[in-house]
Amino acid sequence: MKRAGTAMVVAGLAVVGLVGCDSGESTSKGATTTAKPVLWNPCTEISDAALTEAGVDPATEEKGVAGVPQPGWEICGWMAPKYGLTVYASAKSLAEFEAKPGNVDFTDVTVAGRPGRKFKVAGDSRNLICDVVFATQGGVVQLEVMNRASLDGLEEPCVYLNNAASALVPTFPR
């Protein structure tokens, strides 16, 4: 019985060790591994001044989705009186992004002087969301505006996105 318990502890430590090996760093001299790319982080790279100019309150910052980090993404959102604005960064390619189920109706657009791809999220029957994704050297950056569903008489969400984009898009990586 004691030996079985010891084996479980050793097995558990081995699993913890394997998890730790996923850092992308090498401890041996001369050998290298592929390091995970460091993603551009909208929470740290977009200034409060740019956010204020974009019409959102920097104090409302929320990292992740509802505060929960998402693997492979850097996500940051802020609120305005009539909408929420979120910026997503990922190492995924534009082709991978476009192939994701639920992202539909892609069209070429130019936003704040930068080419991008506007798209819809399947199921947005109330037209509350406007999304534009931009290719970067390291993946994609997505800008999203979502109107507050509880308010009436709001502008089309892409109007808000285009207004905010002039302050935000220049901060996005190329």
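Figures for the structure shown
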quantity	calculated
Hits in region 152-172 - residues which are surrounded by 14 or more Cβ atoms within 10 Å (Cβ to Cβ) and closer than 18 Å to Thr44 by Cβ	Ala167, Leu168, Val169, Thr171, Phe172
All positions within region 50-108 that are among the β-branched types (Val, Ile, Thr), open to solvent by less than 40 Å² (accessible area, probe 1.4 Å) and part of a strand (DSSP E or B)	Ile75, Thr86, Val87
Residue check, Arg148 without any contact (Cβ under 8 Å) to a residue 24 or more places away in the chain, basic (Lys, Arg) and open to solvent by 40 Å² or more (accessible area, probe 1.4 Å)	no
Complete set of residues in region 109-145 that are open to solvent by 40 Å² or more (accessible area, probe 1.4 Å), closer than 24 Å to Gly64 by Cβ, of a type in the set (A, V, I, L, M, F, W, C) and in a loop (DSSP other than H, G, I, E, B)	Ala122
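The values are calculated or read from the model by the stated rules, or taken from the named source; none is laboratory data. Owing to the predicted nature of the structure, the values given are computational and were not obtained by experimental measurement. Quick reminder, even Gly has a Cβ in these numbers, built from the backbone with ideal geometry, and neighbours come from all protein chains shown. Side chains included, ligands, DNA and RNA excluded: accessible areas come from the protein's heavy atoms. Shrake-Rupley method; radii C 1.70, N 1.55, O 1.52, S 1.80 Å.
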